[in-house]
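The values are calculated or read from the model by the stated rules, or taken from the named source; none is laboratory data. On a predicted model such as this, the values are computed, not experimentally measured, just so you know. Methodologically, a virtual Cβ is constructed for each residue, glycine included, from the backbone with ideal geometry; neighbour enumeration extends over all protein chains shown. Side chains are part of the model used for accessible areas, which takes the heavy atoms of the whole protein and leaves out ligands, DNA and RNA. Shrake-Rupley method; radii C 1.70, N 1.55, O 1.52, S 1.80 Å.
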Amino acid sequence: LGPLGTANFPALNSGTVLRAPTGGGPVTTMASAQSVPFSSAVANGNLYWTDYGLSGPGLVMSAPTGGGITVPLASGLDDPSAIVVTGKTIYWTNANSSPNNGSISALTLP
């Protein structure tokens, strides 16, 4: 893929989040119809990822690592990109192209 904002991106909402065993094996779809899944982290038995949101506001999403229902944890975001989870707190960056000019956001899980 090319840099953000170029014509090299795939069709909108065609992104997929996939899972594969580290030792090899079948690939499993964790989420489909994502705008631009950008970064991921694993913690607390869940996969967390940012959806950059080229077709609309961005999201922070989660799903159980074993597969299951995807849950939007935060929405209406300004181009969320990198993500990290420590304990029960999720941190993500908002890209420089957003009105927040590269800020860091956080969400505490219940």
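Computed from phi, the 3J(HN,Hα) profile of the range 81-86 under the Karplus parametrisation 6.51, -1.76, 1.60 (θ = phi - 60°) reads 10, 4, 9, 8, 10, 10 Hz, with x in place of Gly and Pro. Taking all protein chains as shown and a probe of 1.4 angstrom, ILE104 keeps an accessible surface of around 120 Å².
Modelled this way, with points 7 Å down the Cα-to-C-beta line, the labels at ALA82 and SER103 are 1.8 nm from one another.
In terms of the mean number of neighbouring beta-carbon atoms within 10 Å, the peptides 70-79, 45-54, 31-40 order highest first as 45-54, 31-40, 70-79.
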